[in-house]
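Below is one structure, written out as structure tokens; comments come after it.
Read-outs throughout are calculated quantities, based only on the coordinates presented, and are distinct from any laboratory measurement. The shown structure was predicted, so the numbers you read here are calculated from the model rather than taken from an experiment. With ideal geometry, Cβ positions are generated from the backbone for all residues, glycine too; neighbour counts draw on all protein chains shown.
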Amino acid sequence: MPTIHLKPSPTDSTAAVRSVEGIARVVRVDGDLAWLEPEQTTSCGHCASSASCGVSSREEVGIGTVTSRLQARRFYLDNPDGALGFREGDRLVVGISESALLNAAMTAYGVPLLFALTAASVAQSLLGDDLTTLFSMAGGLALGLLVGRFKARRLAAKGDLAPHFLRRARPDETCGTV
């Protein structure tokens, strides 16, 4: 089960950091950890193909259902000695800074693409053979994926990719409302 470690947001109000926010519900409090599950949001209106995409009006448990996908996306937040007072059922607004999200996207997509295109360009200009260019591009992509993986691990170890607790959600608050 993948987990995302959350850290409380800094209390310094002078540092205005733009963040991408989402609402999560506390599903379990386990000692110093509060397990959260993101709230399911959908804009499709449960179309005719909802049976194949996993969105349905009834909560089922099984492969591809809303419930199983949400359980796979559970993450935890440190709650040392219950200091933040999280209880099961609480709705929290969590966020990740826009710059961290952009950095993660560039790491996951930009780095491998840059390596692949650079390797292909160099091979094409030096050798001019299409098959060699193809294999060079594949090798560049593999190297780029490896570099991206190491960079992502470093970002995760520093905590740059971890969402943080922003505030408690109002009862009527949904994703996208202020």
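General remarks:
- Cα-Cα pairs of region 97-178 separated by more than 19 Å (percent): 55 percent
- Distance between the pseudo-spin-label points of residue 28 and residue 142 (7 Å out from Cα toward the beta carbon): 4.0 nm.
- Simple spin-label estimate for residue 113 and residue 91 gives 3.6 nm between the two label positions (7 Å along the Cα-to-Cβ direction from each Cα).
- Take every Cα pair under 8 Å whose residues are at least 6 apart in sequence, average their separation, divide by the length of region 105-161, and the relative contact order is 44 percent.
- Hz values of 3J(HN,Hα) by residue in region 100-107 - Karplus curve (6.51, -1.76, 1.60), Gly and Pro given as x: 5, 5, 5, 5, 5, 5, 5, 5
- Set of region 93-121 residues, backbone N closer than 15 Å to the point 7 Å along the Cα-Cβ line of residue 173: 93-96
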